[in-house]
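Visitor: Here you go, one structure.
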Amino acid sequence: MMGVQYTFDLDQIFSKPGPLTVAYGMGTDSTALLIELVKRGIRPDLITFAETGSEHPRTYAYLPIINAYLLDHGFPTITIVQYVPKRFKNGPYDTLAGNCLANKTLPSLAFGRKSCSIKWKARPQEKYILKYWPPGMEALKTKTPIRRLIGYDAGPKDSQRGAIIPNPKFYYAYPLQFWGIDRQGSEDIIKEAGLPQPGKSSCYFCPSFKPNELKQLALEFPDLAARAIALEDGARPNLKVIKGLWRKGTKKRPGSWRAYLEAFGLLPEIRPEHYSATPSPLPPSSYKAAIYPGLMVYDHTTDPLFYGKQTMPALEGILV
Ligand code: SF4
């Protein structure tokens, strides 16, 4: 069996055979990575983004912006994949929020693990590439590693990271690190390209939220903040060690989002539907393109209304 392969030599990865793919996160670093690829004339064969059904609205809002940029530069648009759960212990769900609500638990990051990203982000993208994307299927047949570019930046935090589930069928590289581009550098690249900043890409209840991000969520999207608190409330009887989405808390903030919002008088109205695993409060996708076993694959450019509905000025209030 091939070992997991990483490279810091980009000339080497760009000259290798095998499909060139980008793991796009719709956040600052991976957006800067796409722009740099455009500037350097390195066109990937596929750009994937995995959607949990529970992304922050600013992430959905950025999609038509980056797709328009990619189309303008002759790049492939974003292929969106979504994990489709099949077996349910405690009732159906179709999003990560629903997953937590149905099972009365929190996203695994709250417990210091990464299985929420693995199940809803990394695996669906790799499954699509290996099982349903023809160039990926061909590469698998000929045992040619698929090149996978990841937008980790050159800052101290991202430099410690590796592929979330290393898979020997892929050849991973982190071009921003090779080019010495840190978070500020990524923001500058996006600005120079004339694009708005995408901000952080995450689920709207991600335990990695900073206190000011939670306050902003409660003020701008009280329905989503209410659902995040419903996740905590539902999971509370099962929490033995941690207190909530922020785990045990620190001197600066409690472990529970509910306690934090209550302290600031920002607790939104939480209605019975917020505790329901389905449907999600986010609008259903109108652009479903293909359904595979355990996976849905969307191409937003196939929705003729999408660009008409989502114009740059209309998004200004959402993007940071
Ligand atoms: S954004 Fe946060 S909650 Fe969502 S999958 Fe990633 S780590 Fe889990």
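Visitor: At 7 Å along the Cα-to-beta-carbon direction for both M137 and D223, put a label point, then send me their distance in nm to one decimal.
Guide: Each label point is offset 7 Å from its Cα along the Cβ direction, giving 3.8 nm.
Visitor: If each residue of separation counts as 0.36 nm, what is the full-extension length gain between K104 and I291 once their alpha-carbon separation is subtracted? Don't jump to the answer; show the numbers that get you there.
Guide: Numbers: separation 187, 0.36 × 187 = 67.32 nm, distance 2.79 nm.
The K104-I291 span can extend by a further 64.5 nm.
Visitor: Sort the stretch 211-275 into rounded, prolate or oblate with this rule: let a ≥ b ≥ c be the square roots of the eigenvalues of the Cα gyration tensor; rounded if a/c is under 1.5, and if a/c is not under 1.5, prolate when a/b is larger than b/c, oblate otherwise. Don't jump to the answer; show the numbers that get you there.
Guide: Values: a/c = 2.30, a/b = 1.14, b/c = 2.02.
It comes out oblate by the Cα gyration axes.
Visitor: So, by mean Cβ neighbours within 10 angstrom, what's the order for 150-156, 237-243 with the highest one leading?
Guide: Ranking, from highest mean packing down: 150-156, 237-243.
Visitor: Return the FRET efficiency for the residue pair L266, R183: r is the Cβ-Cβ distance, R0 is 22 Å, and the value is rounded to the nearest 0.05.
Guide: So, using R0 = 22 Å, E works out to roughly 0.20.
Visitor: Pairs of Cα atoms under 8 Å, at least six residues apart: use those to get the relative contact order of the stretch 1-90, whole percent. All intermediate terms of the calculation are to be shown ahead of the outcome.
Guide: Details: 72 pairs, mean separation 25.5, N = 90.
For the stretch 1-90, the relative contact order is 28 percent.
Visitor: Quick check on packing: order 36-48, 12-24 by the mean number of other C-beta atoms within 10 Å, highest mean leading.
Guide: Values: 36-48: 16.9, 12-24: 18.8.
The peptides rank, most packed first, as 12-24, 36-48.
Visitor: Using the structure shown, select from K119/K157; K169/K248; K131/K157 the pairs with a Cα to Cα distance greater than 28 angstrom. The partial results should precede the final answer.
Guide: Values: K119/K157 23 Å; K169/K248 38 Å; K131/K157 33 Å.
Exceeds cut-off: K169/K248; K131/K157.
Visitor: Turning to a different aspect of this structure: Excluding residues fewer than 8 places away in the same chain, name every one of the aspartates and glutamates whose C-alpha is closer than 17 Å to that of K16.
Guide: By straight Cα distance, K16 reaches D45, E138.
Visitor: Answer with one residue from H274, L217, P254: the one whose Cα lies farthest towards the positive end of the charge dipole of the stretch 211-275, charges on Cβ with Lys, Arg +1 and Asp, Glu -1.
Guide: Highest projection toward the positive end goes to P254.
Visitor: Would you mind calculating the gained length between K86 and F111 on full extension (0.36 nm times residue separation, minus the Cα-Cα distance), in nm to one decimal? All intermediate terms of the calculation are to be shown ahead of the outcome.
Guide: Numbers: separation 25, 0.36 × 25 = 9.00 nm, distance 2.42 nm.
Full extension of this stretch gives 6.6 nm more.
Visitor: Follow-up. Near K39, which aspartates and glutamates are there with a Cα under 18 Å away, not counting those fewer than 8 places off in the same chain?
Guide: D11, D29, D72, D153, D182, E187, D188, E192
Each value in this text was obtained by applying a stated rule to the coordinates, not by laboratory testing. Quick caveat, the model's predicted, so the values are computed rather than measured. Every residue, glycine among them, receives a Cβ derived from its backbone with ideal geometry; neighbour counts consider all protein chains shown.
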